[in-house]
Amino acid sequence: MNCCHPGPSHPPTVQSKPSLLAWITCDGVHIDPSSGKHTILGVFSNIKARAFPVIHPYMVWFLTITDVQPGQHRIKMFMGLDPTNPTELLNREFESQSPLHRINLINELRNLRFDQPGEYSILIEVDDEPLLATNLTVT
C-alpha cells in the first residue's frame with residue numbers, strides 16, 4: 001500500500017507585496033567598505049526649529065525592505081502637512097535580486113523646507129503601492 005501522494009513537481013509562484021523591516025530618519029549612513037555593514041548616524045524622530053520657515057539641510061531616510069520580486073522597482077516618497085496632498089520628495093529606481101533578500105535603501109533628502117510647525121505626513125510607495133504612512137513632528 002502506498003501511503004504517500006506525490007506533491008507538485010515545482011512549488012507554486014507566490015507574488016507577495018514588499019515588506020518594511022526598518023525605517024529610520026538619521027543624519028547619515030556609513031557603509032564599511034570591507035564588510036558592507038551599515039552604520040546609522042544620528043537617529044532622530046522630530047525636528048526642532050527656532051523660527052519658521054526653516055530649511056533642514058540634510059537627512060537620510062533609511063529603509064530595509066524584503067519580499068520584493070526580482071527586477072527593477074520604483075520607490076517614491078512624499079511629505080506634507082496635508083496628508084491628502086503631499087509633495088513628492090524622491091522618485092528613483094532600485095533592483096531586487098530575490099524576494100528573500102533584504103534591501104537597504106539609503107535616501108538622501110537635502111534642503112527640506114518646513115513653513116510651519118506641525119505633523120508632516122510621510123508616504124512611501126513601492127511600485128505605486130503604499131509601503132509606509134507615518135509622520136515627522138516639526139516644532
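Suppose we keep only residues that are over 17 Å from the mean Cα position of the chain (by Cα) and in a loop (DSSP other than H, G, I, E, B) within region 51-83. Which one would you say is nearest to S98 (Cα to Cα)?
Result: P70.
I'm checking my understanding of the structure. Among residues of region 32-50 that are closer than 21 Å to N135 by Cβ and in a strand (DSSP E or B), which one is farthest from the chain's Cα centre (by Cα)?
The extreme case among them is I47.
Only one of these is part of a strand (DSSP E or B) and closer than 17 Å to S16 by Cβ: E125, E108, E119. Name it.
Selected residue: E125, the only one of E125, E108, E119 that is part of a strand (DSSP E or B) and closer than 17 Å to S16 by Cβ.
Since every read-out is calculated from the coordinates, none of them should be taken as a lab result. In this text, all values refer to a predicted model and were calculated from it rather than measured experimentally. Positions of Cβ are generated from backbone atoms using ideal geometry, with glycine treated the same way; all protein chains shown enter the neighbour counts.
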